[in-house]
Amino acid sequence: MLVTRTLVKLDAIQLGWLAADRARHFAETGGNALTIAEAAGQSAVLARKSGWHHDALSIALAAADLPSLRTAGRAGTAARGRLIQNASYTLARRGDRDGMRALTDEAAAIASELGDTPVHGDPGGAFTPVTVQLHRISAENHAGDPLTALAAASAIPLEALPSLERRSRALGDIALTCDRLGRRTDCLNALLTAERLAPQETHARPATRSLIVSLLGSGPTSADLRGLAARSGVD
């Protein structure tokens with residue numbers, strides 16, 4: 001599962017499918033509902049990245065409806081909420097803004113029931129109201145509404161996010177929002193802050209590297225931008 005997550009992060013889709021298939025096989029053999037749900041979630045991500053939006057949506061929602069999750073306590077509830085959130089992101093990628101918001105609101109309601117403390121024993125990582133709000137930034141961006149994405153970002157205190165990786169990702173999503181609104185300086189400042197928090201995450205994330213390339217080619221550059229590009233291995 002860790003290998004799959006890493007390959008997804010690096011956009012290594014074909015290798016990701018191989019790792020995800022092995023993860024799914026071992027999860028189903030072991031019969032652990034939470035691990036099965038996590039394997040399904042990663043498969044849905046890979047399907048979405050492959051452009052198979054219908055398959056991605058079906059995988060995530062089918063897994064969210066597994067009866068075994070409903071008997072797995074709070075961790076099962078968190079896994080179900082995360083799968084619904086996963087499906088909402090696929091709808092965002094498909095341009096279905098209303099559907100994305102409906103599923104995101106459903107995930108937010110589940111997170112609200114669980115509260116602000118991460119659920120013990122949840123293999124998928126923290127699922128809390130603030131992490132759903134973090135998801136809204138990226139989802140609204142990809143659904144074509146950067147102003148709503150920026151409003152979602154303003155509601156998140158970065159220190160409330162459970163890890164440096166999540167804080168860095170939030171800043172990366174904020175940077176993308178600023179870029180789409182034509183706010184180059186704010187975009188670069190968000191990227192530089194993300195780099196200070198988690199340099200390896202920032203340098204390796206394909207979406208961030210693409211954004212740096214876009215900044216280099218779309219307007220005046222600065223020493224800070226050129227330095228960030230060099231440290232990220234962007235020509």
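Of (1) surrounded by 22 or more Cβ atoms within 10 Å (Cβ to Cβ); (2) out of contact with any helix residue (DSSP H, G or I) (no Cβ under 6 Å at 6 or more places or on another chain); (3) farther than 22 Å from R48 by Cβ, T131 satisfies all except one. Which?
In the conditions (1) surrounded by 22 or more Cβ atoms within 10 Å (Cβ to Cβ); (2) out of contact with any helix residue (DSSP H, G or I) (no Cβ under 6 Å at 6 or more places or on another chain); (3) farther than 22 Å from R48 by Cβ, T131 misses (3) alone.
Among residues belonging to segment 1-59 that are of a type in the set (F, W, Y) and closer than 29 Å to H203 by Cα, point out the one that is surrounded by the most Cβ atoms within 10 Å (Cβ to Cβ). Outline the logic, then answer.
As a first pass, look at segment 1-59 and keep what is of a type in the set (F, W, Y): 17, 26, 52.
Add one more test, that the residue is closer than 29 Å to H203 by Cα, and what stays is 17, 52.
Numbers: W17: 18, W52: 15.
The residue in question is W17.
Pick from R82, R97: which is within 27 Å of A204 (Cα to Cα) and either touching a residue at least 40 places away in the same chain (Cβ under 8 Å) or aliphatic (A, V, I, L, M) (or both)?
On inspection, the qualifying residue turns out to be R82.
Can you name the number of the only condition in (1) modelled with pLDDT under 90; (2) closer than 23 Å to P206 by Cβ that A126 fails?
Condition not satisfied by A126: (2).
The values are calculated or read from the model by the stated rules, or taken from the named source; none is laboratory data. The structure presented is a predicted model; accordingly, all values stated were derived computationally and were not measured. Backbone-built Cβ (ideal geometry, glycine too); neighbour counts: all protein chains shown.
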